[in-house]
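First the structure, in the form of structure tokens, and then the observations on it.
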Amino acid sequence: MDSQLLYNYGIATELILAPIVFISLFFITASYGRHWKASWGPNLNPRIGWVLMELPCVVLFAGVYFQGVTVWRLATLTLFGLWELHYLQRTFVHPVLMRLGKSSMSVSVVAMGLLFNVINAPLNALALTHFSPSYSDGWLIDPRFIVGTVIFLVGFTINVYSDHILRNLRKPGETGYKIPYGGLFRWVTSPNYFGEIVEWCGWALATWSLAGVAFAAFTFANLAPRARAHHLWYLSNFSGYPKKRKAMIPKLF
């Protein structure tokens, strides 16, 4: 089976699975963080889990990318840099900065995330260097690239800053949860998830690729139900939780 067929099958698989995952996660909440359940089987330290799960997005993406023929074009390198900016932060910086309470991460969750990333990372690398429009230097001034890149960086900033607020709710030695305030927490429970969805929507526009669209759709399908689960958890555990907040999208959801 040639790489073009594998690429098409991979994108089709993500697009088919996205609505299935979206619906399923309204009934099943992945076992990590505050939603950890012993019934999900063995668990490991969340720092180790995050590194193992996200590492293919750094290494495998780069490995496939540098097998392409247009890898040294400025536009393509810029897109490569955006991807690696997110995943270097998510794989190596985020786990180190985590302030762990009593939370764990189920091995089964790590395995599912790892499987998705092993499929998704090569698809998006192939999109840049093999199967999407040739990114000449003119792509750098294309409105799709400019707007998409701005959207990506705005989403990245929201994501990282929201995680920063959550981390600093806990003082050294503390293990419990608190109500977050500041930034977009003024309007929503999970602005970190909102920021990540914004990022990958920006990526889909900046790359103008089906792989980017499939990834953005799957990200929404995965994170929107979890944001809702977080929102309901806060409402049930904190009597003073702000009633006007939405789960993830200000004023909408």
*asked:* What's the total number of residues in segment 41-63 that are over 28 Å from LEU166 (Cβ atoms) and buried (at least 20 other Cβ atoms within 10 Å of the Cβ)?
replied: 0
*asked:* Pairs please, first residue from segment 131-155 and outside any helix (DSSP H, G or I), second anywhere and basic (Lys, Arg), Cβ atoms under 8 Å, 6+ apart in sequence or on different chains.
replied: TYR135/ARG73; SER136/ARG73
*Can you tell me which residues in segment 124-166 are surrounded by fewer than 16 Cβ atoms within 10 Å (Cβ to Cβ), polar (S, T, N, Q) and modelled with pLDDT of 95 or more?*
THR157
*Got at least one residue in segment 91-103 being among the polar types (S, T, N, Q), under 22 Å from SER31 (Cα atoms) and in a helix (DSSP H, G or I)?*
yes
*Taking the stated definitions as given, is ALA111 over 18 Å from PHE66 (Cβ atoms), assigned to a helix (DSSP H, G or I) and among the hydrophobic types (A, V, I, L, M, F, W, C)?*
yes
*So ILE179 fits all but one of (1) part of a helix (DSSP H, G or I); (2) farther than 19 Å from MET112 by Cβ; (3) touching a residue at least 60 places away in the same chain (Cβ under 8 Å); what number is the exception?*
(1)
_Out of ILE16, ILE28, ILE11, I need the residue that is touching a Leu at 6+ places or on another chain (Cβ under 8 Å) and either aliphatic (A, V, I, L, M) or under 24 Å from TRP233 (Cα atoms) (or both). Which one?_
ILE11
_Hits in segment 9-19 - residues which are under 14 Å from LEU210 (Cα atoms), loosely packed, with under 14 Cβ neighbours inside 10 Å and not hydroxyl-bearing (Ser, Thr, Tyr)_ = ALA12, ILE16
*asked:* Can you confirm whether ALA75 is part of a helix (DSSP H, G or I) and more than 30 Å from GLY33 (Cβ to Cβ)?
replied: yes
_Any residue that is hydrophobic (A, V, I, L, M, F, W, C), assigned to a helix (DSSP H, G or I), over 17 Å from THR207 (Cβ atoms) and in contact with a Ser or Thr (Cβ under 6 Å, 6 or more places away or on another chain) - is there at least one of those in segment 58-68?_
yes
*Taking interchain pairs and intrachain pairs at least six residues apart, which have beta carbon atoms under 7 angstrom, with the first residue in segment 8-20 and of a type in the set (Val, Ile, Thr) and the second in a helix (DSSP H, G or I)?*
ILE11/LEU123; ILE11/LEU210; ILE11/ALA211; ILE11/ALA214
*Within the set of pairs 6+ apart or on separate chains, which have a first residue in segment 229-253 that is assigned to a loop (DSSP other than H, G, I, E, B), a second that is exposed (fewer than 14 other Cβ atoms within 10 Å of the Cβ) and among the charged types (D, E, K, R), and C-beta atoms under 9 Å apart?*
PHE238/LYS178; PRO242/ARG186; ARG245/ARG186; PRO250/ARG186
*Quick one: which residue in LEU77, LEU85 is surrounded by fewer than 16 Cβ atoms within 10 Å (Cβ to Cβ) and within 15 Å of the chain's Cα centre (by Cα)?*
LEU85
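The values are calculated or read from the model by the stated rules, or taken from the named source; none is laboratory data. These numbers come from a predicted model, not from an experiment. Note that each Cβ is placed from the backbone with ideal geometry, even for glycine, and that neighbours are counted across all protein chains shown.
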